[in-house]
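Notes follow the structure.
The values are calculated or read from the model by the stated rules, or taken from the named source; none is laboratory data. Worth saying up front: this structure is predicted, and the values here are computed from it rather than measured. Heads up, the Cβs are rebuilt from the backbone with ideal geometry, glycines too, and the neighbour counts pull from every protein chain shown.
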Amino acid sequence: MDKTLLSIAIDGPAGAGKSTVAKKIAKKLNLEYIDTGAMYRAFTLKVLENGLDPKNENEVLSLLENTEIIFLNNHIYLDGKIVDEEIRNNSVSKNVSYVSSYSEVRKKMVELQQEMAKKNNVIMDGRDIGTVVLPNASYKFFITAQPEERGKRRYMELIEKGETDIILADIIDDINKRDKIDSTRKESPLRIPDDAIVIDSTNLTVDEVVDLIIELIKGVNKIVL
Ligand code: CDP
């Protein structure tokens, strides 16, 4: 990787606030924000739209070669079409962790993500950024929070979007299931990179996490949490 380019890797479990925090930092530090979860979600959307079974690896892989996924200017494109809204629906959320567990799927996404980091100063969030995608990232953070708090945040997000038939306990359950699949899969499981700074955001606001990360990057606060 070009040493003159800046890269910030943010990993962590579902609903920890990674993408909200990463977007704000991108704006403040003038970095390109890359939402790698959106890329796995977009491919999952395609699998579902084609009536294929996300748990059937062969069916899923049959679509991979003829799929174009691009994350550009904060929009996710699936085969040339913006799918920002569609990728957040419940069926995508419930199935994305199966699709993202297949090594061929990961290989394709990781290559695309590494290409993007070669061209721009980036802040990238996901599950394997500090461990696999950008092992030499300039800075690595792992943002987490208690599962109940993460469930509440996701619930509020969906309510604000106008969803009505959702139950908090189900959301917490889905998040726990996804975390389990993501952290126990064979291929690039979710784990804390050895050289990452861990931030527990359970009792912190988004802006507090943003400020903390920026302070840590600037070296003002040398305390590792
Ligand atoms: O936003 P949320 O925390 O719900 O998840 P996301 O970042 O949109 O990621 C959705 C799913 O994609 C995760 O649960 C993982 O299964 C998968 N993913 C992954 O495997 N590797 C990444 N770098 C990013 C996401």
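Details
- Scanning the stretch 116-128 for residues that are within 21 Å of LEU61 (Cβ to Cβ) and either charged (D, E, K, R) or in a helix (DSSP H, G or I) (or both) returns ARG127, ASP128.
- Count of residues meeting criterion [within 27 Å of ASN90 (Cβ to Cβ), over 15 Å from the mean Cα position of the chain (by Cα) and in a loop (DSSP other than H, G, I, E, B)] in the stretch 178-204: 5
- GLU85 passes every criterion in (1) within 16 Å of ARG41 (Cα to Cα); (2) modelled with pLDDT of 95 or more; (3) more than 8 Å from the ligand (Cβ to nearest atom); (4) of a type in the set (Asp, Glu) apart from (2).
- Single residue of LEU204, LEU158, LEU190 found to be under 27 Å from SER103 (Cα atoms) and either loosely packed, with under 13 Cβ neighbours inside 10 Å or aliphatic (A, V, I, L, M) (or both): LEU190
- Taking every residue in the stretch 89-104 that is closer than 12 Å to LEU61 by Cα and in contact (Cβ under 8 Å) with a residue 12 or more places away in the chain and pairing it with any residue that is near the ligand (Cβ under 10 Å from one of its atoms) and of a type in the set (Lys, Arg), at least 6 positions away or on another chain, the pairs with Cβ-Cβ distances below 9 Å are VAL99/ARG41; SER100/ARG41; SER100/ARG106; SER100/ARG127; SER100/ARG185; SER101/ARG185.
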